[in-house]
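*Asks:* Dropping the structure in here first, questions after.
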2 protein chains.
Amino acid sequence: MSSNNNILIAQGGGPTNVINQSLAGIIINEKKEKSKILGSINGVNGIVNNNFITLNNILSKEITTLRNTPGAALGSTRDKPDQKYCEEIYNVLKKKKINKFYYIGGNDSSDSLRIISQYSIQKGYNLQCIHVPKTIDNDLVYNDHTPGFGSAAKYVAQLFSGINFDVRSLPGVYIGVVMGRHAGFLTASSSLLRSKGSDGPHLIFIPEFSFNIKEFINNINSVFNKYGRCVVAVSEGIKDKNNILYSKKIQSSNEYDDHGNIQLSGSGMLGDFLANEVKKKLKISRVRADTLGYSQRCFLGSASEIDQKEAFEIGLKAVSFSNMHRDSFSIGIEERKIFSQKYKVKFIVNKLTNIAGKTKIMPVKFYNFKKFDVTKNFLNYCKPLIGKKFPQTASII
Amino acid sequence: MSSNNNILIAQGGGPTNVINQSLAGIIINEKKEKSKILGSINGVNGIVNNNFITLNNILSKEITTLRNTPGAALGSTRDKPDQKYCEEIYNVLKKKKINKFYYIGGNDSSDSLRIISQYSIQKGYNLQCIHVPKTIDNDLVYNDHTPGFGSAAKYVAQLFSGINFDVRSLPGVYIGVVMGRHAGFLTASSSLLRSKGSDGPHLIFIPEFSFNIKEFINNINSVFNKYGRCVVAVSEGIKDKNNILYSKKIQSSNEYDDHGNIQLSGSGMLGDFLANEVKKKLKISRVRADTLGYSQRCFLGSASEIDQKEAFEIGLKAVSFSNMHRDSFSIGIEERKIFSQKYKVKFIVNKLTNIAGKTKIMPVKFYNFKKFDVTKNFLNYCKPLIGKKFPQTASII
């Protein structure tokens, strides 16, 4: 009897521009099932702290507005449940007679969900855990791409397109530091709105290929000699040949989150370091570095219309798939093999154990490590995801 | 005879998102006058280096695309002409029989124009110099506001609106460092898309009021205790009680441009310093600082439709006004006295000497220095300038 469903929704990890689209999709379809819908405030943290909100009474109009609102409307968390934490979650869910738990989150959140799911299986409690992916890093395996990524990619592309014209006006070297701990997808997206061969970014450095400061300087020098300017996109997650994070190399004190990840964003240190190196070595007077910061995942009004649509649909489909499958699962987007074909999206069911805790990186066919640039394959793969709502641009000099 | 007009157009200073709208306006109306239209590449620098482009042949379609392109399409410069430089400019303009020189620029550019204009009067050469304002800083006197500001203000407002929802999701302290050397208009614009009383930015620090780090920390502490989070907008131009730039206080080596201005943007140092102080003093674990960077003036697709329209019209009007006035002048936007009335724009003629080299700052009625916040007057003044193309937002917790 679907009317006996007690469902719980939570949002975890770094928010995105479209994470509330998925929330809206789940609420809308679970309402149709006459389920009792609870939301946990601040992800799994709200469960163990008994911090819930009833979501049945939200008006359709409110849901529509919520869909366009960045950030996680239920609040998020960086908590990573251990066995004890999972037991607490289990006790609360059982007490509240929850039989479906939707967790909208990324890598780390899906891992939390896997642990909770395994724990409830051990205890013999009938709980279906459904992972609804989101991450601006686009680093989930068995997924063509991840809701949230398209909008962040669009923001990064728009920013670098603007910077390209700005640096054409006042020539120099510009370094933009882009989010991405392990995967270079977002940094690579800086290329998506180039239209001329001389358009920047001229060089792209991603975490998947070891970063060498001499190579970095030499390549900037070559581009600068050719065009009189150089725009560079650098991932915050670049590593040296020993796989040591560059941010770690240059920082004296570091901050770590609960997952043991070093804090990369929210500091301009890497960009400043790289700009100073370029100034010192190349004697170029105008060298600027910007660290793109949190706006990459939340800038109001830059969401990709494709990403919005898919994030909403993945929420709707999560509900219909959950009624067709009894086990826990992660909903996903089927991987494309050929990227030059007309773009279309297909939702699939993945095993939680296949997704949880694993990290997808940029495939070799997407990056030319000799040119420090993306390939045509990457452009064909990524361009459809950011939509088409941009002004056309031109240059006359 | 208008068909004998030889006109020159140049763009100077930091580019904006709509500076090419003004360029397009001038070209379109001067084409109607059958003028011979030259463009100087990289502002006054192109004049002394004999680097020109003919603008008569640009197609209407190209002009339309150019209008939506950020950056200065003719290139810009930070050169500040001295007497010798002006003599060089004079010699070239006379040789090329230029009788109208449009310079699209800000404070510093209008000062360059004043010198060139005075120099040509001394020499008895018939040259009309027309200053067409642009600046994201909004710091031109005798102007209600300046083309370029509305789009930058919109970007800052969109960014802080997104950040507001992001920090609601993952609570902590967020500090955003905004462009603005002397005037706090752009930093104040971070407030424009707040809708609830609890929405951030909760605190706004502008260069017009001396910055005290203890006051800064204490106020963040109060807001954090009230809401469990705090979003702060800080101008890059904040100064201590002795009028010393905070950026200067904390930096060992500084870079200066040709106007003797210290480099503030393109470095994350101020934000990092402030974030570390908050962490140290308040023991709040999640403290993040972003330095908004160059995207404030060039982000593709965030131009305000009002700003675009006005920047285009000011170019058109510059031409028609130049045919009504024989002297050099600066075209402007008439100052409003009452900001709650329906917004409308009126273009006026200002004397070059009234504009050049002067800096407008935030009037006292726009800022509440006890609350570190903008006033209703500021919101009424500024909201019309950023247009209306935003998604509506909502929050449920």
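The values are calculated or read from the model by the stated rules, or taken from the named source; none is laboratory data. All of these numbers come straight from a predicted model, not from anything done at the bench. No Cβ is skipped: glycine too gets one built from the backbone with ideal geometry, and neighbour counts run over all protein chains shown.
*Asks:* Scan segment A:76-94 for residues that are out of contact with any strand residue (DSSP E or B) (no Cβ under 7 Å at 6 or more places or on another chain) and part of a loop (DSSP other than H, G, I, E, B) and jot them down.
*Replies:* Residues satisfying the conditions are A:77, A:78, A:79, A:80, A:81, A:82.
*Asks:* May I ask you to list the residues in segment A:42-66 that are hydrophobic (A, V, I, L, M, F, W, C) and more than 11 Å from chain B (Cβ to nearest Cβ)?
*Replies:* Residues satisfying the conditions are A:44, A:47, A:48.
*Asks:* Might you let me know whether segment A:77-98 holds any residue that is under 18 Å from the mean Cα position of the chain (by Cα) and of a type in the set (Ser, Thr, Tyr)?
*Replies:* Checked against the condition, which is being under 18 Å from the mean Cα position of the chain (by Cα) and of a type in the set (Ser, Thr, Tyr), segment A:77-98 yields at least one hit.
*Asks:* Sticking with this structure for a sec: Do you know which of the residues in segment A:290-329 that are among the basic types (Lys, Arg) and part of a helix (DSSP H, G or I) is nearest to the chain's Cα centre (by Cα)?
*Replies:* Out of the qualifying residues, it is A:297.
*Asks:* If you go through segment B:192-208 one residue at a time, how many are surrounded by fewer than 24 Cβ atoms within 10 Å (Cβ to Cβ) and either facing chain A (nearest Cβ under 10 Å) or more than 21 Å from residue A:66 (Cα to Cα) (or both)?
*Replies:* Summing the residues that are surrounded by fewer than 24 Cβ atoms within 10 Å (Cβ to Cβ) and either facing chain A (nearest Cβ under 10 Å) or more than 21 Å from residue A:66 (Cα to Cα) (or both) in segment B:192-208 gives 4.
*Asks:* Give me the residue from segment A:302-328 that is crowded, with 23+ Cβ neighbours inside 10 Å and within 11 Å of chain B (Cβ to nearest Cβ) and, out of that set, nearest to residue A:124 (Cα to Cα).
*Replies:* That would be A:303.
Each row is one residue, and each column tells you yes or no for (1) crowded, with 20+ Cβ neighbours inside 10 Å; (2) of a type in the set (D, E, K, R); (3) over 18 Å from residue A:101 (Cβ atoms).
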site: A:6; (1), (2), (3): no, no, no
site: A:46; (1), (2), (3): yes, no, no
site: A:57; (1), (2), (3): no, no, yes
site: A:61; (1), (2), (3): no, yes, yes
site: A:65; (1), (2), (3): no, no, yes
site: A:70; (1), (2), (3): yes, no, yes
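*Asks:* Further, regarding this structure: Return yes when residue B:97 is farther than 23 Å from residue B:5 by Cβ, part of a loop (DSSP other than H, G, I, E, B) and either outside the structural domain of residue B:332 (by TED's automatic domain parsing) or not aromatic (Phe, Trp, Tyr) (or both) and no when it is not.
*Replies:* For residue B:97, the condition - farther than 23 Å from residue B:5 by Cβ, part of a loop (DSSP other than H, G, I, E, B) and either outside the structural domain of residue B:332 (by TED's automatic domain parsing) or not aromatic (Phe, Trp, Tyr) (or both) - is not met.
*Asks:* Still on this model: Mind listing just one residue for me: the one in segment A:81-109 that is of a type in the set (Lys, Arg) and surrounded by fewer than 19 Cβ atoms within 10 Å (Cβ to Cβ) and, of those, farthest from residue A:8 (Cα to Cα)?
*Replies:* Residue satisfying both the conditions and the ranking: A:84.
*Asks:* For the list (1) modelled with pLDDT of 95 or more; (2) out of contact with any Pro (no Cβ under 8 Å at 6 or more places or on another chain), I need the number of the one condition that residue A:267 fails.
*Replies:* Of the numbered conditions (1) modelled with pLDDT of 95 or more; (2) out of contact with any Pro (no Cβ under 8 Å at 6 or more places or on another chain), the odd one out for residue A:267 is (1).
*Asks:* Determine which single condition residue A:166 fails, assuming it passes every other condition in (1) over 20 Å from the mean Cα position of the chain (by Cα); (2) under 18 Å from residue A:349 (Cβ atoms).
*Replies:* Condition not satisfied by residue A:166: (2).
*Asks:* Please verify whether residue A:151 is in a helix (DSSP H, G or I), closer than 27 Å to residue A:192 by Cβ, touching a residue at least 40 places away in the same chain (Cβ under 8 Å) and in contact with a Phe, Trp or Tyr (Cβ under 9 Å, 6 or more places away or on another chain), treating the condition exactly as stated.
*Replies:* It is true that residue A:151 is in a helix (DSSP H, G or I), closer than 27 Å to residue A:192 by Cβ, touching a residue at least 40 places away in the same chain (Cβ under 8 Å) and in contact with a Phe, Trp or Tyr (Cβ under 9 Å, 6 or more places away or on another chain).
*Asks:* Checking the condition over 17 Å from residue B:28 (Cα atoms), among the polar types (S, T, N, Q) and at pLDDT 95 or above, which residue from B:107, B:51, B:56 passes?
*Replies:* On inspection, the qualifying residue turns out to be B:51.
*Asks:* Another question, then. Tell me whether segment A:158-180 contains one or more residues that are surrounded by fewer than 24 Cβ atoms within 10 Å (Cβ to Cβ) and basic (Lys, Arg).
*Replies:* No, there is no match, as no residue in segment A:158-180 is surrounded by fewer than 24 Cβ atoms within 10 Å (Cβ to Cβ) and basic (Lys, Arg).
*Asks:* Of the residues A:117, A:112, A:189, which is part of a helix (DSSP H, G or I), buried (at least 23 other Cβ atoms within 10 Å of the Cβ) and either hydrophobic (A, V, I, L, M, F, W, C) or not assigned by TED's automatic domain parsing to the domain that holds residue A:82 (or both)?
*Replies:* One residue alone meets the criteria, A:189.
*Asks:* All but one of (1) in a helix (DSSP H, G or I); (2) under 19 Å from the mean Cα position of the chain (by Cα); (3) within 14 Å of chain A (Cβ to nearest Cβ); (4) polar (S, T, N, Q) hold for residue B:69; state the number of the condition that does not hold.
*Replies:* All conditions pass for residue B:69, except number (1).
*Asks:* Name the residue that is nearest to residue A:248 (Cα to Cα), counting only residues in segment A:269-292 that are within 10 Å of chain B (Cβ to nearest Cβ), of a type outside the set (A, V, I, L, M, F, W, C) and in contact (Cβ under 8 Å) with a residue 60 or more places away in the chain.
*Replies:* A:271
*Asks:* Tell me which residues, restricted to segment A:231-255, are touching a helix residue (DSSP H, G or I) at 6+ places or on another chain (Cβ under 6 Å), modelled with pLDDT of 95 or more and aliphatic (A, V, I, L, M).
*Replies:* Of everything in segment A:231-255, those that are touching a helix residue (DSSP H, G or I) at 6+ places or on another chain (Cβ under 6 Å), modelled with pLDDT of 95 or more and aliphatic (A, V, I, L, M) turn out to be A:231, A:233, A:238.
*Asks:* Which pairs turn up if I take residues in segment A:377-397 that are away from chain B (no Cβ under 14 Å) and look for partners that are of a type in the set (Asp, Glu) and part of a helix (DSSP H, G or I) with beta carbon separation below 7 Å, at least 6 apart in sequence or on another chain?
*Replies:* Taking only residues 6 or more apart or on different chains, the pairs are A:385/A:307.
*Asks:* In segment B:336-355, is there at least one residue being on the phi < 0 side of the Ramachandran plot, under 17 Å from the mean Cα position of the chain (by Cα) and not in a loop (DSSP other than H, G, I, E, B)?
*Replies:* There is at least one residue in segment B:336-355 that is on the phi < 0 side of the Ramachandran plot, under 17 Å from the mean Cα position of the chain (by Cα) and not in a loop (DSSP other than H, G, I, E, B).
*Asks:* Also, quick follow-up: Taking the criterion of being surrounded by fewer than 24 Cβ atoms within 10 Å (Cβ to Cβ), of a type outside the set (A, V, I, L, M), within 14 Å of another protein chain (Cβ to nearest Cβ) and closer than 24 Å to residue A:180 by Cα, would at least one residue in segment A:20-41 satisfy it?
*Replies:* No, segment A:20-41 contains no residue that is surrounded by fewer than 24 Cβ atoms within 10 Å (Cβ to Cβ), of a type outside the set (A, V, I, L, M), within 14 Å of another protein chain (Cβ to nearest Cβ) and closer than 24 Å to residue A:180 by Cα.
*Asks:* Checking residue A:397 against (1) in a loop (DSSP other than H, G, I, E, B); (2) aliphatic (A, V, I, L, M); (3) over 29 Å from residue B:66 (Cα atoms), which test does it fail?
*Replies:* Condition not satisfied by residue A:397: (3).
*Asks:* Of the residues A:2, A:40, which is at pLDDT below 95 and either farther than 22 Å from residue A:309 by Cβ or among the hydrophobic types (A, V, I, L, M, F, W, C) (or both)?
*Replies:* Of the residues listed, the single one that is at pLDDT below 95 and either farther than 22 Å from residue A:309 by Cβ or among the hydrophobic types (A, V, I, L, M, F, W, C) (or both) is A:2.
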